[in-house]
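Notes follow once the structure below has been shown.
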Amino acid sequence: MKKTYPLVLITLFMACHISAQTVTLDNGIARMDLKLNGGTITEFSLNAVDVNPMHEYGHFLCFDRWGPSSPEDQALGIPFHGEASKVTWTLQQGPIMKQGYYFTEMSCYLPIVKLGMDRKIYLNNNSSVFKVVEEISNHNDAPRVFNVVQHATLGAPFLDETTIVDTKVVSGFSQAGTLPPSPGELFTWPDAVVDGDPTDLRYIASDHTWNAAVVSFTLDENEEYGWVTAINPSLNLMVGYLWQTAEYPWLNLWFNFRNDKPYARGLEFGSTGLHQPWPTVLEMDSILGKKLYDELDVDEKITKSYYAFLSEIPSDYKGVESVTIVGDQIKVEEYGADSLRTIYLDIAGIKDAKDSTVTGNHLSVSIPEFELTNFPNPFSSKTTISYTLQKDSHVKLIVNDISGQMVAKLVDAQRQAGPHSEQFTPLQAEAGTYLCKLTTESSTSIRKMVLVK
């Protein structure tokens, strides 16, 4: 008979608050902190263990793209990994307590590519399981291709050379190799070869000749769920993710060292396994029979979701063999054929939960009048300032130094609705912080820009 390792004693209270643009869900067992600036999960922890497995990068969203922008997209101001982690999200509701769970929802709008996302987060009231549901919408007047990759990153103190990562995947390849990969360049979990260096991906060690390279795996389409876990037995802690294979058919992994010590490890699951600009993604179309992007028709909406979970583990825990949903529980089985230990995590309160702030099944996306960006930032010689107007307006765009003195007037004219960009080239300006101020007939926005020489 298998033993069940219970979670920490449930404390029947919730501390949920918003401070400094941070939204917190806390049921006395586990907590999740999210910054509205960028929509990033900055903390995901058990109250009893007091260790945040997240790196300072946090768990952010690569939305619209995964990886670099093309030169054309850079000129529009589209950053690496897309706009979602650069814009300020709008809090739609909560955090609030409901029957069976705690709940909050937020949304973002990407002004350059005109995509929207509504995010609902549920915390089960008696366990350390979160459910995240994200609805993607197309606000263009034509179909739009896009990608969504959940960019979860582990860091110290949870991440060290004893941390073990487990998953169940099919074929893998290195992003540093030939793309698409040849049959001879494929590998199977947990073995990987990058630049001739063999690696056991369950572990992270400083004796590798490669650093920060990305390896990508396809999931078995016959399996209903994809999953990835990480454990640190010395800290008695496990963190994991579980999602529908059909929604996120790719798992992308990487690690980074600093001063010969583990610094960051990425566990990224998503809709693509190609870390390249859009022209390359569209040309390649698929790898190993798996599509490299999703597509949205005009006014169409697509929903993707995942579970994030935490659990205490014994100090001799060997890792994870499988993760699945059985009834109203997430079932985690220990690594190894002779294992007798199984962990069960309750999801009864959130498995079928549904919420909305308006009638119908969809939330409304709050679309700001404009979103002011510039790229690159910091910059050494020039930067492109971009904004997208939702309606025609008289626009005044100026750049001031930190003392408030005007350095340049870039625009003082009527502009039509749509995307616009201006180049700022401060030939005589000194290095330092500058303020870009955009004023329309009904709104004003100021953005800090840093000039380095």
**J(HN,Hα) series, the range 105-119, from Karplus relation 6.51 cos²θ - 1.76 cosθ + 1.60, nearest Hz, glycine and proline x** = 9, 8, 9, 9, 10, 9, x, 7, 8, 6, 10, x, 9, 10, 10
**Request:** Give the cross-link partners of Lys351 among the aspartates and glutamates, using a straight C-alpha distance below 14 Å as the criterion and excluding same-chain residues fewer than 8 apart.
**Result:** Asp328
**Complete:** If each K or R counts +1 and each D or E counts -1, the residues other than Pro53 whose Cβ falls under 14 Å of its Cβ total -4
**Item:** Hydrodynamic radius of the range 3-346 per Kirkwood, over alpha carbon pairs, in Å
**Value:** 20.6
**Request:** Quickly estimate the mean residue ellipticity at 222 nm for the chain, helices only: each DSSP H run with n ≥ 4 gives -39500 (n - 2.57), and the total goes over all residues, rounded to 500.
**Result:** -500 deg cm²/dmol
**Spherically averaged projected area of the range 212-297 from its Cα convex hull (nm²)** = 7.7
**Proximal aspartates and glutamates to Lys86, defined as alpha-carbon separation beneath 14 angstrom and excluding residues fewer than eight positions away on the same chain** = Asp64, Glu371
**Exceeding the 20 Å Cα-Cα cut-off - candidates Lys168/Lys331; Lys35/Lys291; Lys409/Lys453** = Lys35/Lys291; Lys409/Lys453
**Request:** Would you mind checking which residues have amide H under 5 Å from Ile347's amide H? H placed 1.01 Å from N; only 5 or more apart, or other chain.
**Result:** Gln329, Ile330
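Values quoted throughout were computed directly from the atomic coordinates according to the rules given, and no laboratory measurement underlies them. Values in this document were obtained by computation on a predicted structure and should not be read as measured data. Cβ atoms come from the backbone with ideal geometry, glycine included; neighbour counts cover every protein chain shown.
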